[in-house]
Amino acid sequence: MNLFTTQAFQLSREGHLEALESSEWDIVILGAGVAGAAAAILAARSGFRTLLVDAKSFPREKVCGGCLNRRAQASLERLGVLKQLHQAGAIPITSLHLKIDKTSVVWNIPTLLSVRRSTLDTELVRTAIDSGTFFLDGVSGLVVPRADSNPPHERCRQVVLQNMSEPKGRRINLHAQCVLVADGLTRSSLRLESGWTSTVQPSSRIGVQRMVPASQFRPEGLRGSFPANQLQMIVSKDGYVGLSHTDGEFVDVAGAIDPKAISSNGGIAKTICRIIGDCKDGPLFAEKMGVEMKSLQADASEDWLATPALTRSSKRVASDRVFLLGDSIGYIEPFTGEGMSWALASAEAVMPLVSRAISSPWHEGLSQEWTTWVDSQRRQKQKTCWWISRQLRRLSVAAWTLRLCNSIYPIRAALIKKVTS
Ligand SMILES: Cc1cc2nc3c(=O)[nH]c(=O)nc-3n(C[C@H](O)[C@H](O)[C@H](O)COP(=O)(O)OP(=O)(O)OC[C@H]3O[C@@H](n4cnc5c(N)ncnc54)[C@H](O)[C@@H]3O)c2cc1C
């Protein structure tokens, strides 16, 4: 089935968004990244009338290293999407080459799966549609505050949709018994509602990413590229960069970098090349990997995708028929690749609360239950990410810790387990 010939998609493309005007939905999900699309699959399978919208036209890339850890793979298997990713050419990654300053190690790791976000998110959305979800892309959503809602519905929230493909795209209103906000770091769909502000860490890095054709990593005269099953991570004072082969003969180059370094180095591409070149034997390392530094450097900053500041958190995570999922809840720099497994886990965990919100009048106990679940996850999972991201800012300490982990097997094994499971 072709995702882009679905009825819902044609409605938006042909400018007939108004066909949905004033319609009532059990669940409207704003954002079709991993959290939103996974929630749509589960909601539609539970028999709920579900509408999923995304502001971007699909398929689209987004800033991500694209490596699925074991927890994420298990979620995707439960959703019935993992097999399609293997069929689409997702690449198993079994070792990590980590360089911090003058220290370099190669470790075997439990298998990660490297996949482009355009592939992963399209497969998730396709499965959501097959499960009965209506999907609109190129359409942004906005939750309307209760006071502005006309007419106010006790048992519903009002959402405004806007077609992004037209300069002053037409807006329509609809109602949903439950709204899932899965719009990532920007949280643009809650901008009219008060009380949802995120606390952004002032020294936060930003995320950047570019898909580079794998052919650029095999310049003539060099034999092969870096091994397809090896994730490269390079840490410098300006931030860190990960490189992994991925489906479709691409290399995903993604990094978390200091925005000040981008201005002082003259752009994103130059900063990425500098991070790679600055580490021990940088140019030689780049040559061994087969990185065509000149071609990477030639990219204009516009060729790179970028995020706002990464490290942030939201105190409120649910209120009055609205639940937050995935990155919209909060995020910590991505070194450990926690993000997608967290987003998928949040989609699975919210469903029982959504069912209760639809079947009975709203009560604040539902917000509290979601806050309790989110807090317990933050404590368990995000603590490690937080600790690692702090360590990596002090290069000499990080390099020393790396040497220690490398020489003492139980510490190394414990760290690898924490980071990859
Ligand atoms: C540099 C970097 C590398 C990373 N590497 C990894 C990795 O290797 N492994 C891993 O597991 N995680 C990684 N992550 C984290 C991962 O990318 C995120 O945690 C994950 O994408 C979160 O998913 P999400 O569904 O919550 O949000 P997103 O994937 O960001 O999806 C949000 C969606 O909402 C849409 N949207 C926004 N506003 C609106 C609106 N108003 N209406 C409708 N739609 C809207 C957007 O277009 C987008 O499609 C990395 C992150 C960064 C920055």
Query raised in the report: Could you give every pair whose Cβ atoms fall below 8 Å, whose first residue belongs to the range 35-48 and is assigned by TED's automatic domain parsing to the domain that holds I358, and whose second residue is among the aromatic types (F, W, Y) and more than 15 Å from the ligand (Cβ to nearest atom), counting only separations of at least 6 or pairs across chains?
Result: none
Query raised in the report: If the Cβ limit is 9 Å and pairs must be 6+ apart or interchain, which residue in the range 177-197 that is assigned by TED's automatic domain parsing to the domain that holds A35 and among the charged types (D, E, K, R) pairs with which residue that is near the ligand (Cβ under 8 Å from one of its atoms) and assigned to a strand (DSSP E or B)?
Result: D183/L30; D183/D54; D183/S140; D183/G141; R191/L142
Report summary line: Restricted to the range 320-368 and to residues being of a type in the set (F, W, Y) and either within 16 Å of the ligand (Cβ to nearest atom) or not in a loop (DSSP other than H, G, I, E, B) (or both), the residue nearest to K417 (Cα to Cα) is F335
Report task. Would you check which residues across the range 353-399 are of a type in the set (F, W, Y) and at pLDDT 85 or above and list them? Result -> W362, W370, W373
**Report entry** Residue satisfying all of: in the range 356-376; of a type in the set (A, V, I, L, M, F, W, C) and within 27 Å of the chain's Cα centre (by Cα); nearest to A343 (Cα to Cα) among these
**Finding:** V374
Query raised in the report: Are there any strands (runs of 3 or more DSSP E) wholly within the range 105-224 with 2 or more residues that are under 25 Å from S360 (Cβ atoms) and of a type in the set (V, I, T), and if so which?
Result: 171-181
Query raised in the report: of a type outside the set (A, V, I, L, M, F, W, C), closer than 21 Å to R321 by Cβ and within 7 Å of the ligand (Cβ to nearest atom): does that describe G65?
Result: no
Query raised in the report: What residue, among those in the range 73-115 that are assigned by TED's automatic domain parsing to the domain that holds T401 and of a type in the set (D, E, K, R), is farthest from the chain's Cα centre (by Cα)?
Result: K102
Report summary line: Over the range 176-198, the set of residues within 8 Å of the ligand (Cβ to nearest atom) and at positive phi is G184, R187
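The values are calculated or read from the model by the stated rules, or taken from the named source; none is laboratory data. From a predicted model like this one, the values you see are computed outputs, not experimental measurements. FYI the Cβ positions are ideal-geometry reconstructions off the backbone, even for glycines, and counts take in every protein chain you see.
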